[in-house]
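K.L.:
Okay, here's the structure, questions in a sec.
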Amino acid sequence: MIRQPILALAVVVLLGGLSGSVWAQKYSGGTGEPNNPYRIGDANDMQQIGANPDDWDAHFVMVKDINLADYTGTQFNIVGNVANAFTGVFDGNDHTISNFTYVTDANGIGLFAYINDANAEIKDLTLIEPNVDGGTMDAVGSLVGAMAKGTVSGCGIQGGSVSGLQCTGALVGWNYQGTISNCYATAVVSGHYHTGGLVGMNYLGTIWNCYAGGRVCGEYSTGGVVGRNTFGEISACYATGAVHGNNYWTGGLVGWNEGTISDCYAKGSVDGNDHTGGLVGCNECTISDCSNCFATGDVTGNANVGGLVGLNEGGMISNCYATGTVDGNDYTGGLAGYHSLGTISNCYAATAVSGDANTGGLVGYNIAGMVSDSFWDVNTSGLKISDGGTLKTTAEMQTESTFTDAGWDFIEIWNIGENQTYPYLRIYPAGDLNHDGLVNMLDFAILADRWLEGAEP
């Protein structure tokens, strides 16, 4: 008789413990530790992250695609703020979040509003058709509003729109010392200051192996990938979307560059006012590399208009070229519109150029700048004048000796289809048979195998 109540009590305690553990479970499982991240499986889970600031240093992993269409205006709980930034890890696990919408007049807008930690990370996540409008405020992006340090990798933005006032980007609004790699965006972006197809402002940050393909419209510092790059590094990136700027510093890749750009190119059309370039509107630092630093889009502007760079002020441009049409009023050049104090070397322009004053086949106007071993196509440009550079016919521009005689490197940097193409930049170094960017014993092994097989390397 005594055993039955004790057994009943044990069952009640056991069931109560189980129900309590189920009730206390967060999200769709997990503990938030690196080896057992919180599992995010639906829109409610995403909404709960923003409602639990104490979890913003935890680890998360998505287990399903998520649709946030039920949240409009400011209904969704965005993650992080100035006082309490996100410092954890969010692994999209190659899943998607669709229809993220946030419309307000506030600073720091994005799925993750603020990130501030060297170990913070967002990776392998794609946003589909986001709609983010920061009104007349700053640091607006669909994935991240503002990032200080931290990493964003393997993320994409498919379609949608992003708008704000200052530091507006399809992926990240403002990047300070952070690293963004292997990302892309195709959203339409509009802003006022520092507007980019991928990132609005990149300050001391690194952007690598990324691209943007959406239309970008802005007032000042407008670029296909980055609006303004200040002391940052941009490499192996490209832009294909059209870029429109109403005032200063409009570029197919970067509007205003005060950092380093390498291995990059832009193919979209560029339409601006002053300081407009196929790759960079205003360059005050370095555009150089051994591969893929060129612009092929048509460029239209008012003053300081160039096929590659509108205004080059103290910057170094080397191993670069432009092939689009260039149309400006004052200071218009096939490669650079206005060139001051900096250097241009081993570059060429094969562009049709038109302008009213200070117009040149390679450089429109040059004041105390150096131009060496650089050329323009007199037939394509229709111009026999340039404030720097050497004119050549189309036939000469498609002859390797024209360039090797000037010291150009046609082993590691340049290649050409003799009598068929202009010089083009090598994607991989000569001898890099497995295309890993290195020439080493692995390439020699491939060469040996193919030689034994009697095949061409």
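K.L.:
When you scan the stretch 414-423, do you find a residue that is in contact with a helix residue (DSSP H, G or I) (Cβ under 6 Å, 6 or more places away or on another chain), modelled with pLDDT of 95 or more and assigned to a helix (DSSP H, G or I), even just one?
P.N.:
No, there is no match, as no residue in the stretch 414-423 is in contact with a helix residue (DSSP H, G or I) (Cβ under 6 Å, 6 or more places away or on another chain), modelled with pLDDT of 95 or more and assigned to a helix (DSSP H, G or I).
K.L.:
Which is at negative phi and assigned to a loop (DSSP other than H, G, I, E, B), of Thr136, Thr168? Please lay out each step first, then the result.
P.N.:
On the way: Thr168 fails: assigned to a loop (DSSP other than H, G, I, E, B).
Answer to the selection: Thr136.
K.L.:
Farther than 18 Å from Tyr331 by Cβ and either in contact with a strand residue (DSSP E or B) (Cβ under 9 Å, 6 or more places away or on another chain) or charged (D, E, K, R) (or both): is that true of Glu258 in this structure?
P.N.:
So Glu258 passes the test.
K.L.:
Identify the residue in the stretch 190-212 that is under 17 Å from Cys237 (Cα atoms) and hydroxyl-bearing (Ser, Thr, Tyr) and, among all such residues, is surrounded by the most Cβ atoms within 10 Å (Cβ to Cβ). Break it down stepwise before answering.
P.N.:
Of the residues in the stretch 190-212, the ones under 17 Å from Cys237 (Cα atoms) are 195-212.
Pick out the ones that are also hydroxyl-bearing (Ser, Thr, Tyr) and you get 195, 203, 206, 211.
Details: Thr195: 37, Tyr203: 20, Thr206: 18, Tyr211: 22.
The residue in question is Thr195.
K.L.:
From Asn119, Asn175, which residue is at pLDDT 95 or above and outside any strand (DSSP E or B)?
P.N.:
Working: Asn175 fails: outside any strand (DSSP E or B).
Only one candidate passes the filter, namely Asn119.
K.L.:
Name the residue, out of Asp387, Asp409, that is acidic (Asp, Glu), modelled with pLDDT of 95 or more and in contact with a strand residue (DSSP E or B) (Cβ under 7 Å, 6 or more places away or on another chain).
P.N.:
Asp387
K.L.:
Right, next: Answer yes or no: is there a residue in the stretch 110-124 that is of a type in the set (Lys, Arg) and touching a Cys at 6+ places or on another chain (Cβ under 8 Å).
P.N.:
The answer is yes, given that some residue of the stretch 110-124 is of a type in the set (Lys, Arg) and touching a Cys at 6+ places or on another chain (Cβ under 8 Å).
K.L.:
Sticking with this one: Do we find that Thr168 is closer than 20 Å to Thr96 by Cβ, within 16 Å of the chain's Cα centre (by Cα) and at pLDDT 95 or above in this structure? Please lay out each step first, then the result.
P.N.:
Numbers: closer than 20 Å to Thr96 by Cβ: no; within 16 Å of the chain's Cα centre (by Cα): yes; at pLDDT 95 or above: yes.
So Thr168 does not fit the description; no.
K.L.:
Identify, please: which residue in the stretch 64-80 is surrounded by fewer than 17 Cβ atoms within 10 Å (Cβ to Cβ) and in contact with a strand residue (DSSP E or B) (Cβ under 6 Å, 6 or more places away or on another chain) and is, among those, farthest from Ser161 (Cα to Cα)?
P.N.:
Asp65
K.L.:
Within the set of pairs 6+ apart or on separate chains, which have a first residue in the stretch 388-415 that is more than 26 Å from Gly337 (Cβ to Cβ) and without any contact (Cβ under 8 Å) to a residue 60 or more places away in the chain, a second that is in a loop (DSSP other than H, G, I, E, B) and among the β-branched types (Val, Ile, Thr), and C-beta atoms under 6 Å apart?
P.N.:
Taking only residues 6 or more apart or on different chains, the pairs are Glu400/Ile416.
K.L.:
Sticking with this one: For the stretch 263-303, how many residues are modelled with pLDDT of 95 or more and either more than 12 Å from Val225 (Cβ to Cβ) or part of a loop (DSSP other than H, G, I, E, B) (or both)?
P.N.:
27
K.L.:
So Phe375 ticks every box in (1) surrounded by 14 or more Cβ atoms within 10 Å (Cβ to Cβ); (2) in contact (Cβ under 8 Å) with a residue 40 or more places away in the chain but one. Which box is left unticked?
P.N.:
(2)
The values are calculated or read from the model by the stated rules, or taken from the named source; none is laboratory data. None of these values were measured; they are calculated from a predicted model. Virtual Cβ from ideal backbone geometry, glycine too; neighbours counted across all protein chains shown.
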